[in-house]
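The values are calculated or read from the model by the stated rules, or taken from the named source; none is laboratory data. Quantities reported herein were computed from a predicted structural model and do not represent experimental measurements. Cβ coordinates were reconstructed from backbone atoms using ideal geometry, including for glycine residues, and neighbour counts include every protein chain displayed. The accessibility values were calculated without ligands, DNA or RNA, using every heavy atom of the protein model including side chains. Shrake-Rupley method; radii C 1.70, N 1.55, O 1.52, S 1.80 Å.
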Amino acid sequence: MIVETLLLRLGGESGVDNAISAGDVLTLSAARSGYHVHTFRTYPAEIKGGPVMFQLRAGVRPVPSLGDQLDVLLAFNKEAWDLHHTALRPDGALIYDPGEQDVPETFRGTAYGIPFDGLARDLNLRKGKNLIALGALAALFGFDFPELQATVKELYGRSRPEFIESNRMALLAGFQWVKDNIQHDVPFQLAKPHESRDPQLVMSGNRAIVAGALTAGCRFFAGYPITPASDILEEMAKRLPGIGGATYQTEDEIAAIGSVVGASITGVKAMTATSGPGFSLMQEMLGLATMAEVPLVVVNSMRAGPSTGMPTKMEQADLNIALYGGHGEAPRIVLAARSVEDCFYQSMQAFYLSETFQMPVILLVDQSLSHRTETLPMPDAGLVPVVQRLRPEPGDVEDYRRYRLTESGISPMGVPGFDRTPFTATGLEHDEYGAPNYTPQMHAAQLDKRGRKFEVVAGALCGLELPLGCISYGVPEAEARVGVLAWGSTAGVVREAVEGLAAQGHPVAALIPAVINPLPAERILQFAGNLQAIIVPEVNRTGQFSAWVKAHTELHLISLNKYGGLPFTPSEIEEKVLEYLVPEPSESKAAAQTGAEVSHG
């Protein structure tokens, strides 16, 4: 059967089967062959190793989510079968090593026993099982074998040229074994990609964040390694020195954000990235940046659980600390990226907002989005303005008031060494010159100044269109009866579910904002309209976004919560929506008159 999308998962042991590196190679090769790709991966947090999983969804059209049931499971060992077989569709394909396990009696799909370990021993390449498996996958399901060979040579040949030939032989061994031993048709064959297609990039969420930040003018990055944000630190260390910037690996997250505050005061666009534990440590310095009105960007790649939690699993559970973290009333802008492509734009937007309004901007992503690889069109950097912070005019030199009480709340920020406008940047409450001042009148005036600035932010963000504001999917909102309101990385799976239901004639629409604080409450109320129900899916236990929206709109919302370290699937969204698709009274009455059955969910 020719299929337009193929969903396959590789499962094995970390450091032995190299399933994730195999998945990365197959993903890049498939994208270069013309397919759209979407990936998901899990791996152990322990250095000693453990089970890993890599999931690739490839298609001739864009694939916005990780999909539902697997078409193909490649299990390098029995543990991989035990962990992942429930995700395999009943008529799916199982690829296994007969030396590691037998086909379970309960399996009713198509099984292919390929001796990966034996073939690797024959080649004297014990760590080549993953490449043998890639060759077999290409032969079975229609991936471009020459492109796969070229990708392996490019990725591995540069660092280890002595293995070019053995890698080629490993790929060929798997490919040829299938050709020689499997004669019947396979259940799924991936359709050939469209010949004419605009150029596509293949990028992870973390790399898209870096690309957006550099495009926006970021020239200083400080950070401490922490999963799943470490890729941003590593990528910045590669890129910044070549364009006149600097990367600083600090001793901890407090030092990282302190360095970013200092760099920004000197006039440099600066950024850090972390995950939950590190973000907790940064709260006091975020308050300092708010009080001193210092522009900076913090990326928080969320992971599951409090404390160290589950470092390699995803969760949308840091929204509350992003909104409420820290003491005092310290407004900060909070953005949430919705896809790999959106990571680029929201990273640019974070710098635009922080520089314009001189305050911290927090960009939320999560483990699944940070490490997800997608194909995306070449970004249009012109969609987001690249701006510089407001600087003093020549006339300000004689009486420079860094924290002048302006109508907008934004006051010119001098740069030491460039503007002859010395000032005090302090975490203490201060007067217009920056000198400490604790009078009730001045505290109220400066608190109002910072609050006014945030109100201007809210006004500036009203009505923003793609890709910076709200994205909507499904039927026209005026025709919808059930709505889905989501945020962050859940956007793709919501899109697939809602568009699928709408194509079947169901009156469903979805809205996904990029800006979480200040919340686009008016736009959400407009979306709510006369909806019968609004479902809010979140990968957390307490419905943090739902509570935030309720506080600003008083809407009745239905929380759909999933927690356990894995993202939603389209079917989970669809099932919840169908529960609330109750026919209108006129439909029920007409059905009763004709004796037809009416489903009430």
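For Ala460 and Val582, what is the calculated FRET efficiency with R₀ set at 45 Å and r taken between the beta-carbons, to the nearest 0.05?
With R0 = 45 Å, the Cβ-Cβ based efficiency is 0.70.
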**Q.** Cross-link pairs beyond the 30 Å C-alpha cut-off, checked among Lys550/Lys576; Lys269/Lys550; Lys78/Lys192; Lys48/Lys78; Lys449/Lys550; Lys192/Lys562
**A.** Lys269/Lys550; Lys78/Lys192; Lys192/Lys562
**Q.** Calculated FRET efficiency for the pair Asp122/Gln283, C-beta based, R₀ 60 Å, to 0.05
**A.** 0.55
Q. By how many nm would the segment from His184 to Asp380 grow when fully extended, if each residue of separation counts as 0.36 nm and the alpha-carbon distance is taken off?
A. 65.9 nm
**Q.** R0 of 30 Å, Cβ-Cβ distance Glu407-Glu429: FRET efficiency to nearest 0.05
**A.** 0.90
Q: Starting with the highest mean, order 570-581, 44-55 by the number of other Cβ atoms within 10 Å, averaged over the residues of each peptide.
A: 570-581, 44-55
Q: Would you work out the charge dipole size for the stretch 183-231 about its Cα centre, treating the Cβ of every Lys and Arg as +1 and the Cβ of every Asp and Glu as -1, and quote it to the nearest 20 debye?
A: 220 debye
Q: With the full set of protein chains in place, find how many percent of the accessible area of the chain is carbon and sulfur; take the probe as 1.4 Å.
A: 52 percent
Q. Where a Cα-Cα gap under 18 Å defines reach, which lysines qualify for Lys179, not counting those fewer than 8 residues away within the same chain?
A. Lys129
**Q.** Theoretical gain in end-to-end length, Asp198 to Gln526 [0.36 nm per residue, Cα-Cα removed]
**A.** 114.6 nm
Q: Report ³J(HN,Hα) in whole Hz for each residue of the stretch 261-269, in order, from the Karplus equation J = 6.51 cos²θ - 1.76 cosθ + 1.60 where θ = phi - 60°; Gly and Pro get x.
A: 4, x, 5, 5, 4, 7, x, 8, 6
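With a ≥ b ≥ c the root eigenvalues of the C-alpha gyration tensor of the chain, is it rounded (a/c under 1.5), prolate (a/b larger than b/c) or oblate?
oblate
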Q: Determine, for each peptide in 479-491, 232-244, 76-88, the mean count of other beta carbons within 10 angstrom over its residues, then list the peptides with the highest first.
A: 479-491, 76-88, 232-244
Q: Using packing as a proxy for protection, rank 251-258, 410-417 so that the peptide with the highest average count of other Cβ atoms within 10 Å comes first.
A: 251-258, 410-417
Q: With a ≥ b ≥ c taken as the square roots of the eigenvalues of the C-alpha gyration tensor of the stretch 344-428, please select rounded if a/c is under 1.5 and otherwise prolate if a/b is larger than b/c or oblate if it is not?
A: prolate
**Q.** Label-point gap, in nm, between Asp91 and Val103 - each point 7 angstrom along Cα→Cβ
**A.** 1.7 nm
(Q) 7 Å from Cα along Cα→Cβ at both His556 and Ala246: what's the point-to-point distance in nm? (A) 5.8 nm
Q: Tell me what the chain gives for mean residue ellipticity at 222 nm when only DSSP H runs of n ≥ 4 count, each as -39,500 (n - 2.57), the sum divided by the residue total, rounded to 500 deg cm²/dmol.
A: -11500 deg cm²/dmol
(Q) Rounded to the nearest 20 debye, what is the charge dipole size of the chain about its Cα centre when +1 sits on each Lys and Arg Cβ and -1 on each Asp and Glu Cβ? (A) 840 debye
